[in-house]
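Enquirer: Sending over a structure as structure tokens; questions will come in a sec.
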Ligand SMILES: Cc1cc2nc3c(=O)[nH]c(=O)nc-3n(C[C@H](O)[C@H](O)[C@H](O)COP(=O)(O)OP(=O)(O)OC[C@H]3O[C@@H](n4cnc5c(N)ncnc54)[C@H](O)[C@@H]3O)c2cc1C
């Protein structure tokens, strides 16, 4: 077995993992980035491209960034337009564009070694500390570790304390459609039809919260449901009932069921709903969040709750460090937060900023 030593090992090359690895490498650390699939970008790429939320202050006329650093670099490198939706603004960005920018960042770092297609990651820990990882005949010894798998995969494997919710947010499954006849009323007519169909019992209740946005059908899925079968069922209802969909075809699907909320790391602090709502400030702030809490509830649909004050809140570093495993950090969807707080922190713009902050902090500690 070949043994290599890295100051920082980042697991998961998605929304938060790439910024974490790049920031650690730019701080001078020798960094390994381990990704399960063959592509960087994570959920927004798997989900065929999302508008990036959590970059801009709410209620401002001019798009104003909440965090600088890699978020600013991303904005400058992307060709996406900023779109206003009610009080908030977001960056339109294709999955390809996000992947391209992330690849360019990683390629530019000589201190950063990328390992892709790693589906057999083993974690070895001793005395409250992760010592090494093994996969594909390699052993990587780790100084600091950042779990950016979006599902606390490393935290689970090393026995760290975890958080989970009894009623997690709805998951998603996405279809890209062609040959839909354009009609500006479709974003209203699609959920209306699905609402009626769900009321009649032909579709599960969560199908009511499916969204049609440009060419993407974003299907809402309850825990345990077969996401792909439900999406195909909904598509057949649309084809049969709405003339605009009669000749439509599925050209692409998400790589699988996409979880909004899953198991996450328990930190030395837990960011809670009240802290987000009140715009709390912390001495150990890693980054700022600004997206309203956007909880996809199985019974009530999407529940929005805005942040008070200047519309921002601090994400404390203590919510990004394990309370039991001394060299384990996290970013992205696995941060230590309650369900409602997570529904704000998990958006891609915030994942980038938190990833960057944790990457720099972990590199400093491992030096
Ligand atoms: C249906 C849906 C719609 C959304 N819409 C939006 C939106 O419009 N705008 C927005 O800003 N946000 C949106 N989000 C939220 C956002 O996409 C995610 O919360 C965010 O991408 C999470 O980032 P992350 O870095 O934690 O995880 P991810 O981006 O999912 O990255 C995790 C990475 O870790 C890898 N990985 C997993 N396990 C392992 C392992 N064992 N070993 C190695 N690698 C591993 C994965 O392959 C993946 O590449 C949406 C989420 C969902 C589910």
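Please treat every number below as a calculation from the coordinates, not as lab data. Small disclaimer: the values here were computed from a predicted structure and weren't measured. Glycine also receives a Cβ, built like all others from the backbone with ideal geometry; neighbour counts cover every protein chain displayed.
Enquirer: Mind telling me which of 102, 209, 304 comes out most flexible in a GNM of the chain, alpha-carbon contacts under 10 Å?
Expert: Maximum among the listed residues: 304.
Enquirer: May I ask you to derive the FRET efficiency for residue 303 and residue 272 from their Cβ-Cβ distance with R0 = 22 Å, giving the value to the nearest 0.05?
Expert: Taking R0 as 22 Å, the efficiency between residue 303 and residue 272 is 0.85.
Enquirer: When the scattering of the chain is computed by the Debye formula from its Cα atoms alone, each counted once and equally, what is log10 I(q)/I(0) at q = 0.07, 0.08, 0.10, 0.13 Å⁻¹?
Expert: Debye intensities relative to I(0), on a log10 scale: -0.30, -0.39, -0.61, -1.01.
Enquirer: Comparing 38, 80, 301, which has the greatest mean-square fluctuation in the GNM of the chain with Cα pairs linked when under 10 Å apart?
Expert: Looking only at 38, 80, 301, the largest GNM fluctuation is found for 38.
Enquirer: In deg cm²/dmol, rounded to 500, what helix-only [θ] at 222 nm does the chain give when every DSSP H run of at least 4 residues adds -39500 (n - 2.57) and the total is split over its residues?
Expert: -8000 deg cm²/dmol
Enquirer: For a test of the definition: using alpha carbon positions, the gyration tensor, and the 1.5 limit on a/c, classify the stretch 110-179 as rounded, prolate or oblate.
Expert: Oblate.
Enquirer: Where the centroid of each part is defined by its Cα atoms, how far is the stretch 3-69 from the stretch 281-352 in Å?
Expert: A separation of 15 Å, based on Cα centres.
Enquirer: Quick one: go through the stretch 292-312 and flag any residue whose amide nitrogen is under 11 Å from the point 7 Å out along the Cα-to-Cβ line of residue 167.
Expert: Hits in the stretch 292-312 for residue 167 at 11 Å: 297-301.
Enquirer: For the residues 177, 194, what sequence is obtained by ranking on other C-beta atoms within 10 Å, fewest first?
Expert: 177, 194
Enquirer: Arranged by the count of other C-beta atoms within 10 angstrom, fewest first, what order do 4, 300, 288 take?
Expert: By the 10 Å Cβ count, ascending: 300, 4, 288.
Enquirer: What angle, in degrees between 0 and 90 and rounded to the nearest 10, separates the Cα long axis of helix 227-241 from the longest principal axis of the Cα atoms of the chain?
Expert: Taking Cα atoms only, the helix is inclined about 20 degrees.
Enquirer: Going by how many other beta carbons lie within 10 Å of each one, how would you line up 105, 329, 195, fewest first?
Expert: Ordered from fewest to most neighbouring Cβ atoms within 10 Å, 105, 329, 195 come out as 195, 105, 329.
Enquirer: Any chance you could give the angle, 0 to 90 degrees and rounded to 10, that helix 95-107 forms with the longest Cα principal axis of the chain?
Expert: Helix 95-107 sits roughly 10 degrees off the main axis of the chain.
Enquirer: Next question, about the same structure. If each of residue 365 and residue 232 carries a label point 7 Å out from its Cα toward its Cβ, how far apart are those two points in nm?
Expert: In this crude label model, residue 365 to residue 232 measures out at 4.6 nm.
Enquirer: So how do 317-323, 127-133 stack up, highest first, on mean other-Cβ count within 10 Å?
Expert: The packing order, highest mean first, is 317-323, 127-133.
Enquirer: Using a 10 angstrom cutoff on alpha carbons, build the Gaussian network for the chain and name the most mobile of 223, 316, 292.
Expert: The residue with the greatest mean-square fluctuation here is 223.
Enquirer: So if we plug the beta-carbon distance of residue 103 and residue 323 into 1/(1 + (r/R0)^6) with R0 = 25 Å, what FRET efficiency do we get, rounded to 0.05?
Expert: Once the sixth-power term is evaluated, E becomes 0.15.
Enquirer: A further question follows. Note down, for the stretch 171-253, the three equivalent ellipsoid semi-axes (square root of 5 times each alpha carbon gyration tensor eigenvalue), biggest first, whole angstrom.
Expert: 18, 14, 11
Enquirer: Residue 251 to residue 87: FRET efficiency via 1/(1 + (r/R0)^6), r the Cβ-Cβ distance, R0 41 Å, to the nearest 0.05?
Expert: 0.80
Enquirer: Of all DSSP beta bridges in the chain, what percent run antiparallel (nearest 5)?
Expert: 65
Enquirer: On the Cα set of the stretch 133-275, report Rg and Dmax in Å, please.
Expert: Values for the stretch 133-275 (Cα only, Rg and Dmax): 19.7, 59 Å.
Enquirer: If I model a spin label as a point 7 Å beyond the Cα along the Cα-Cβ vector, how far apart are those points for residue 196 and residue 118 in nm?
Expert: If labels sit at residue 196 and residue 118, their model points lie 5.2 nm apart.
Enquirer: Run the simple label-point estimate for residue 1 and residue 240 please: 7 Å along Cα→C-beta, distance reported in nm.
Expert: Going by the 7 Å Cα→Cβ label model, 5.5 nm.
Enquirer: Now for a different question. Relative to the first principal axis of the alpha-carbon coordinates of the chain, what is the inclination of helix 348-366, with its axis defined by its Cα atoms, in degrees from 0 to 90 and to the nearest 10?
Expert: 10
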